[in-house]
1. Kindly establish whether Tyr107 is hydroxyl-bearing (Ser, Thr, Tyr), within 14 Å of Leu8 (Cα to Cα) and assigned to a helix (DSSP H, G or I).
2. Given the options Ala109, Ala78, Ala63, name the one that is among the small types (Gly, Ala, Ser) and within 15 Å of the chain's Cα centre (by Cα).
3. Pick out the one residue from Ala78, Ala73, Ala92, Ala43 that is of a type in the set (Gly, Ala, Ser), surrounded by fewer than 19 Cβ atoms within 10 Å (Cβ to Cβ), in a helix (DSSP H, G or I) and in contact (Cβ under 8 Å) with a residue 12 or more places away in the chain.
4. As an exercise: evaluate Ser84 against (1) small (Gly, Ala, Ser); (2) touching a residue at least 12 places away in the same chain (Cβ under 8 Å); (3) in contact with a helix residue (DSSP H, G or I) (Cβ under 7 Å, 6 or more places away or on another chain) and give the number of the one condition it does not meet.
5. Taking Leu124 and the conditions (1) under 14 Å from the mean Cα position of the chain (by Cα); (2) surrounded by fewer than 14 Cβ atoms within 10 Å (Cβ to Cβ); (3) farther than 21 Å from Trp19 by Cβ, which numbered condition does it fall short on, given that it satisfies the others?
6. From the list Gly57, Gly27, which one is part of a helix (DSSP H, G or I), at pLDDT below 95, over 13 Å from the mean Cα position of the chain (by Cα) and surrounded by fewer than 19 Cβ atoms within 10 Å (Cβ to Cβ)?
7. Would you please name the residue that is farthest from His34 (Cα to Cα), looking only at residues in the stretch 117-147 that are at pLDDT below 95 and of a type in the set (A, V, I, L, M)?
Amino acid sequence: MKILLQLLAILRAIHWAHWTAHWKMKGEPFYGDHLLFDKLYTALGDEVDTLAEKIVGTYGSDAIQDMVVLNDAARFMAVHEVRSSGDLYRRALQMEDHLQKAIRLAYDAMKANGDLSLGMDDFLMSMANAHETHQYLLRQRLDSSPD
């Protein structure tokens with residue numbers, strides 16, 4: 001269950017970071033970047049809700065420890081803020097890359113423990129697939145940025 005709470009914290013942190021980036025866009029190409037981050041953060045809301053409901057459905061409502069998730073999310077954001085040197089695009093891509101690793105870890109751990117239901121398997125796989133698209137979009141944007 002702890003690994004799922006960590007995954008939930010990562011999702012909440014990325015949602016917050018992408019939403020904040022959406023607000024902070026300026027200059028050229030403002031509108032395209034504004035829409036890019038809108039697309040990224042909007043998709044995360046349903047993933048956060050679905051994961052939290054799956055945790056509660058499997059482990060009970062006491063399993064969601066809001067302060068644990070909040071503190072883990074804050075630490076995750078702080079680490080990526082430092083690593084990206086404040087570049088919103090790099091921060092977003094680093095977070096998406098980290099999320100892919102976290103999904104893989106959660107999947108492998110649950111499978112090894114025999115805790116991976118078919119629904120959770122499908123959810124984690126579809127989430128990984130969606131975030132591969134996020135990685136692609138962010139890489140394309142970073143590759144088009146002047147150095």
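1. Yes, satisfied.
2. Ala78
3. Going through Ala78, Ala73, Ala92, Ala43 in turn, just one is of a type in the set (Gly, Ala, Ser), surrounded by fewer than 19 Cβ atoms within 10 Å (Cβ to Cβ), in a helix (DSSP H, G or I) and in contact (Cβ under 8 Å) with a residue 12 or more places away in the chain: Ala43.
4. Result: Ser84 passes all but (2).
5. (2)
6. Gly57
7. Leu142
The values are calculated or read from the model by the stated rules, or taken from the named source; none is laboratory data. Bear in mind that the values here come from a model prediction, so they are computed numbers and not experimental data. Cβ atoms come from the backbone with ideal geometry, glycine included; neighbour counts cover every protein chain shown.
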